[in-house]
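Here's the structure we're looking at; comments come further down.
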Amino acid sequence: MEFESDLNLKATELRLGLPGRDESEEQSSSCVKKNKRSSSEMDSSSEHQESGPSAPKAQVVGWPPVRSYRKNVLQQQKKPESDGSGMFVKVSMDGAPYLRKIDLKCYKNYFDLLKALENMFKCTIGVYSEREGYNGSEYAPTYEDKDGDWMLVGDVPWDMFITSCKRLRIMKGSEAKGLGCL
Amino acid sequence: MAYSFPEEVLEHVFSFLTSDKDRNAVCLVCKSWYEIERWCRRRIFVGNCYAVSPEIVIRRFPEVRAVEIKGKPHFADFNLVPEGWGAYVYPWVAAMSAAYPLLEEIKLKRMVVTDESLELISKSFKNFKVLVLSSCEGFTTDGLASIAANCRNLRELDLRESEVEDLSGHWLSHFPDNYTSLVSLNISCLGSEVSFSALERLVARSPNLRTLRLNRAVPLEKLPNLLRRAPQLVELGTGAYSAEIRSDTYSNLAEAFSACKQLKGLSGFWDVVPSYLPAMLHVCSGITSLNLSYATIQSPDLVQLVTQCRNLQRLWVLDYIEDSGLEALAASCKDLQELRVFPSDPFGAVPNVSLTEQGLVSVSEGCPKLQSVLYFCRQMSNAALVAIARNRPKLIRFRLCILEPRVPDYLTLEPLDTGFGAIVENCKELRRLSLSGLLTDRVFKYIGTHAKKLEMLSIAFAGDSDLGLHHVLSGCESLRKLEIRDCPFGDKALLANAAKLETMRSLWMSSCSVSYGACKLLGQKLPRLNVEVIDERGPPDSRPESCPVERLYVYRTVSGRRVDMPGFVWTMDEDASLRFS
């Protein structure tokens, strides 16, 4: 939804109150001095007052009645992962002139991911086995994990993989032999 | 005429009376009962630290072992009480250190506690056992170090939601090596790291430890170390619930949890990584109290966890649970008594989650034991409130906060008078009520007519005129605490019901229309009330008498005006007009 300005926003809102109520709200907030606890979150949000559709409304001191500690904790925490922004990682293939990027969230399991990689790079990756890795295939998929180590794709549960994978590299089969035997 | 029991017998009988109400009734029977009772009263509760002085308490009750004192008014939680207003505990501690050498317990709420006070506590009471500081401030970790070092018999140290200046995590190491009596430790409000090895050793040598609430800085990887040393824990507050996803961390955690067969309460859960939640699954069936109000996890993981806790009685959660999650909760947790849903984005202009009135209605339908509700949401309807009232006539606490002030019934665009009216009419045992949304004087008529057991009422951005306030003050027989902000209530209702104020603990009014003149009149007429005008614009005398005051705090007291007022507080009394020059 596009909002052109704060004025339009107010006009389309289902807010009924007697005329002049908004003014008194602002009066009460300007009468009351801020004190220690309110300073940080009040200041940062009052900057946003005039900007953008998703900015918080003009704030009144102490409303809504959420304790400072709680407000601070929510602001400090990371947003939950499933905020729709995707999980893009770079994919390189040995010998390919440039890298690609894929969104790991688009895939439900390893099968889907590997099929997609095979399509994207026009290669065959073959089937994973715990003992042999991708031995026998032309290419083997590997990934760099959060510790910076290069791991073979397929060893850990899918959920664990997508949260620890930082980038993918499709290695030539001959080079990947070593990984499969670990 | 002398057919009364010997004193010892009466004392023994009185020892079975635990409630203050009963003990106070006993004191009124006759002089000898008054005398006997006052010598054997061991617990004192002071609901307002300025209602009585320490000296008066000590004079009447010489043998007290446990004291609970509350300071600032509730609206201080939302920054409506300027800093420096008062509620200092030091005078109490100083008086008690001389008078109650055998004191064992001090519980404080919304008070200013200094390191000096803590040190004095630690050195004055040899048998000191319990220190609970709820929403207090003014002390540092140095004060905690004194407590740790000197209170050899300490059982409970609970800092719930206090503001502590964190100078160093080493205060914990001040517990002596031979100190083994810890039963309950709550440090969840501390910002920085405590020395983990000291914590580990403390837990290891505390066989009676039942409650352990860690702070955010304690990493998840280290939690198993503590759990393994305290499998007897009944209440656990985790630290940050996140770690790199590693199978050894996970299995350690799951194993440690499964050894804790007595866990009933869980809290903490900052920064949750959902993959680690299943590690707790084994303990879920025993959990009766779950505080996920800092856990920013979304619905599927959140709902899975909550619905596994089939014996849940109390749930605090963020609105990420959404209507669908609350519906699932209602279906799985039939023992639920208390629900609190907090807003994840209180200042956002648009809703970030799908949580509406429907979630609360579902819970009211599905949970027959529901008695206590705190619910933040963005829309409400009279129909929903009526449904909730009809479903749950046994509600005791109902606090609804619609995020935007003065929002009407979103279906009919009418005020929410009828809905809240249904709540007070059906829920005859209601003791606490917080209103929000668009409300006229009518809702207050309903409240005055029906809410006969109501003890605490919170009103914001509501009402049309003094009539509203008049209905409440004249109708609510059990009212003890009334807090009002941004309402068009003024002098008439207040002065007409002045005597009512002596039957209540306190009245708070901020950003209303009470004039300075009326405050003076109130103070002059009722000497047993402290009428405090709290105004940061300077002396009220410098403005016309008809000018409304910023804040008014009225409370009954037997100790007269207090002596520790800051420059922005004026007490109205008989001499008020003479005091300003």
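The values are calculated or read from the model by the stated rules, or taken from the named source; none is laboratory data. Keep in mind it's a predicted model, so treat the numbers as computed, not measured. Please note: Cβ atoms are built from the backbone with ideal geometry, for glycine as well, and neighbour counts cover all protein chains shown.
Of all residues in region A:114-162, which are free of Cβ contacts under 8 Å to residues at least 12 places away in the same chain, acidic (Asp, Glu) and touching a Ser or Thr at 6+ places or on another chain (Cβ under 9 Å)? Matches in region A:114-162: A:Glu118, A:Asp147, A:Asp159. Identification of helices (runs of 4 or more DSSP H) wholly contained in region B:421-509 with 3 or more residues that are over 26 Å from B:Arg528 (Cα atoms), hydrophobic (A, V, I, L, M, F, W, C) and at pLDDT 95 or above yields B:441-450.
In region B:359-372, which residues are within 23 Å of A:Pro65 (Cβ to Cβ) and not in a loop (DSSP other than H, G, I, E, B)?
As a first pass, look at region B:359-372 and keep what is within 23 Å of A:Pro65 (Cβ to Cβ): B:359-361, B:363-364, B:370-372.
Passing the criteria: B:Gly359, B:Leu360, B:Val361, B:Val363, B:Ser364, B:Ser372.
Within region B:345-358, can one find any residue that is within 11 Å of chain A (Cβ to nearest Cβ), among the aromatic types (Phe, Trp, Tyr), closer than 28 Å to B:Leu190 by Cα and in a loop (DSSP other than H, G, I, E, B)? Yes, there is a match, as at least one residue in region B:345-358 is within 11 Å of chain A (Cβ to nearest Cβ), among the aromatic types (Phe, Trp, Tyr), closer than 28 Å to B:Leu190 by Cα and in a loop (DSSP other than H, G, I, E, B). Among the criteria (1) in contact with an Asp or Glu (Cβ under 9 Å, 6 or more places away or on another chain); (2) closer than 28 Å to A:Lys71 by Cβ; (3) surrounded by fewer than 22 Cβ atoms within 10 Å (Cβ to Cβ), the one B:Gln337 does not fulfil is (1).
Matching residues to (1) more than 26 Å from B:Arg551 (Cα to Cα); (2) surrounded by 19 or more Cβ atoms within 10 Å (Cβ to Cβ):
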{"position": "B:Ala383", "(1), (2)": "yes, no"}
{"position": "B:Phe398", "(1), (2)": "no, yes"}
{"position": "B:Leu403", "(1), (2)": "no, yes"}
{"position": "B:Ile423", "(1), (2)": "yes, yes"}
{"position": "B:Leu430", "(1), (2)": "yes, yes"}
{"position": "B:Ser436", "(1), (2)": "no, yes"}
{"position": "B:Tyr446", "(1), (2)": "yes, yes"}
{"position": "B:His470", "(1), (2)": "no, yes"}
{"position": "B:Leu473", "(1), (2)": "no, yes"}
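Please enumerate the residues belonging to region B:378-404 that are within 14 Å of chain A (Cβ to nearest Cβ) and out of contact with any helix residue (DSSP H, G or I) (no Cβ under 7 Å at 6 or more places or on another chain). If the condition is that a residue be within 14 Å of chain A (Cβ to nearest Cβ) and out of contact with any helix residue (DSSP H, G or I) (no Cβ under 7 Å at 6 or more places or on another chain), then B:Arg378, B:Arg399, B:Leu400, B:Cys401, B:Ile402, B:Leu403, B:Glu404 are the ones that fit. Based on this model, can you work out whether B:Tyr375 counts as assigned to a strand (DSSP E or B) and either hydroxyl-bearing (Ser, Thr, Tyr) or in contact (Cβ under 8 Å) with a residue 60 or more places away in the chain (or both)? Yes; evaluated as a whole, the condition is true for this residue. Just so you know, in region A:114-144 the residues that are of a type in the set (Asp, Glu) and at pLDDT 85 or above include one that is nearest to B:Arg246 (Cα to Cα), and it is A:Glu144.
Determine whether region B:94-114 contains at least one residue that is closer than 21 Å to B:Ser168 by Cβ and in contact with a helix residue (DSSP H, G or I) (Cβ under 8 Å, 6 or more places away or on another chain). Quick ask: steps written out before the conclusion?
Narrowing region B:94-114 to residues closer than 21 Å to B:Ser168 by Cβ: B:113-114.
Still in the running and in contact with a helix residue (DSSP H, G or I) (Cβ under 8 Å, 6 or more places away or on another chain): B:113-114.
Yes, there is a match, as at least one residue in region B:94-114 is closer than 21 Å to B:Ser168 by Cβ and in contact with a helix residue (DSSP H, G or I) (Cβ under 8 Å, 6 or more places away or on another chain).
Every test in (1) closer than 21 Å to B:Ala148 by Cα; (2) in contact (Cβ under 8 Å) with a residue 40 or more places away in the chain; (3) touching a Phe, Trp or Tyr at 6+ places or on another chain (Cβ under 9 Å) is passed by B:Tyr241 save one, and that test is (1).
So which residues in region B:45-63 are free of Cβ contacts under 8 Å to residues at least 60 places away in the same chain and touching a Lys or Arg at 6+ places or on another chain (Cβ under 6 Å)?
Taking region B:45-63 and keeping what is free of Cβ contacts under 8 Å to residues at least 60 places away in the same chain, we get B:45-46, B:54-55, B:57-63.
Listed by number, the residues that qualify are B:Arg60, B:Phe61.
Identify, please: which residue in region B:294-316 is polar (S, T, N, Q) and out of contact with any Pro (no Cβ under 7 Å at 6 or more places or on another chain) and is, among those, nearest to the other protein chains (Cβ to nearest Cβ)? Checking each candidate, the answer is B:Ser299.
Within the set A:Asp83, A:Asp155, A:Asp147, the sole residue that is modelled with pLDDT under 80 and assigned to a loop (DSSP other than H, G, I, E, B) turns out to be A:Asp83. Among helices (runs of 4 or more DSSP H) entirely within region B:47-152, having at least 1 residues that are touching a Gly at 6+ places or on another chain (Cβ under 6 Å) and under 23 Å from B:Ser192 (Cα atoms) singles out B:115-124.
Considering the conditions (1) within 14 Å of another protein chain (Cβ to nearest Cβ); (2) buried (at least 21 other Cβ atoms within 10 Å of the Cβ), B:Ser117 is excluded by exactly one of them, (1).
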